[in-house]
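Computed from the coordinates by the stated procedures, all read-outs in this text should not be read as laboratory data. Computed from a predicted model, the values in this text were never measured in an experiment. Using ideal geometry, Cβ is built from the backbone for each residue, glycine included, and neighbour counts are taken over all protein chains shown.
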Amino acid sequence: MSRLSVKDLVAEAVSGVGARPARTVLTVVGIVMGIGTLVTTLGVSATAGNQIAGRFDAATATEVTVHVPRAGDPDAPPVVRWSATDDVARLNGVTAVAAYSRTEEGKDLPVRANAVKDPTRILDRLLPVVGATPTLLDTARADVAAGRFFDTGHVRRHDRVAILGAEAANQLGLTRIDNQPAVLVDGRPFTVIGVLGAVRRADQQTLGTAVILPWTTADDDLRLGPITTVSITTALGGAPLIAAQAPIALAPNDPAALQVDAPPDPASLRTGVAQDVSGLLLILGLVSLVVGALGIANVTLVTVMERTAEIGLRRALGARRRHIAAQFLLESTVIGLLGGIVGASTGVLAVVAISVTRQWTPVVDGTLAAASPLVGAVVGLLAGAYPAMRAARMQPVDALRGPA
């Protein structure tokens, strides 16, 4: 009975791999590219997902917005009192809270600017008008580009002062406020004491086009009515709790009437971002791996064709079909294993290098890196299956004649 020991099989496979070093190196490079790309893309996606989620935590995970419905009867008591913001401010985890009412969509008021420097330049615009608490600047993450924002004194005295959003000031032609310009809102004069700069909170961008008044003045002169929106900023991690408690603090008799917009859970977002990015880049890594597998299959098939005489001689001397198949399968598996080892090392180094250049914290899946050599070996095994079967099916006489 013909036998082939494991020692002899390994020796034949290693000899076959080393017989053509240039071709073997090029074939290994294909697997290195596939495994390396796979490890790199998954590592970079995990690192980027962690970075994106971390930035989300710091930027928007602290923003809660409560929308208050307008009462159907103007004489009915307000759903939320203006003083209720003080109750929200006392909640543990709240860093800033502001409330405002604004003109309804499609019902903006006419605003006229009369600059002292150029009294002939009169502009009329339909702009949203907001009556707000003095803390609006903090919750909107906004800056004052010129002048100042109104304070509690202006609110208490019902002063006729106004703050213009940057776009509103541009539309009205107001470029400076040191000459105490006035704006006429629905025919009523207000002194402009400040112009907003950048508004960094995403859901407060409408402030850039608005005329902002103290809420007492807006209610007295323009009848803007009760609160329509409460804007809250929390400590990091406190948004879910505040989102549940704020409606009770604002409207204890009917908290269900309020609509709360709270950020998603940061942990869920991090997982979602990582999965989305990983899923996209995983496809690229798998494509590279398939290209490497096709390279192994092609080279192994060419090797079979070139070694037909050797195969015929071994079959004539008693080698069985399974012996021939095992030899070529082991050769392709060894090539895949080498490519997996080098590719995993290259991928890990690439993730670390990219993270260092971007000043990120590298995140590498240790299980993936450790399993990469095995993945390379399996890819090599599968890629060599057809060439090995073709070599095993050769008849000794046909193989000794050589390729046609």
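List of remarks:
- Ordering 325-335, 166-176, 142-152 by mean Cβ neighbour count within 10 Å, with the highest value first, yields 325-335, 166-176, 142-152.
- Gyration tensor (alpha-carbon) shape descriptor, region 63-264, a/c threshold 1.5: prolate
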